[in-house]
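The structure under discussion appears below in the form of structure tokens.
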Amino acid sequence: MKQLLQRKVRNHKSGIISNVLNRISNGIVEAINGKIQILKRGARG
């Protein structure tokens with residue numbers, strides 16, 4: 001289990017560092033995605 005975590009951290013190292021340094025949220029994207037899902041649900045009837 002420890003090796004799996006180490007591998008995941010190593011594979012995503014640049015993204016992790018970028019997130020810590022920039023603190024950019026994906027909240028806007030998630031909100032848009034939520035609205036799309038609601039529209040899709042409504043389209044089914």
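A short reminder: the numbers here are calculations on the coordinates, not readings from a lab. Here the structure is a predicted model, which is why all the values come from computation and not from measurement. Cβ coordinates were reconstructed from backbone atoms using ideal geometry, including for glycine residues, and neighbour counts include every protein chain displayed.
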**Message:** Using only the alpha-carbon atoms, how far is helix 27-44 inclined from the longest principal axis of the chain? Give it as 0 to 90 degrees, nearest 10.
**Reply:** 40
**Prompt:** lysines within cross-link reach of LYS2: Cα-Cα under 19 Å, excluding same-chain residues under 8 positions apart?
**Reply:** LYS13
**Message:** Counting other beta carbons within 10 Å of each residue's own, what order do ARG7, ARG23 fall into, fewest first?
**Reply:** ARG23, ARG7
**Item:** Nearest 10 degrees, 0 to 90: helix 13-22 Cα axis against the chain principal axis
**Value:** 70
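Please work out the ratio of the alpha-carbon Rg of the chain to 2.2 N^0.38 Å and round it to two decimals.
Numbers: Rg = 16.9 Å, N = 45, 2.2 N^0.38 = 9.3 Å.
Here the Cα radius of gyration is 1.81 times the empirical estimate.
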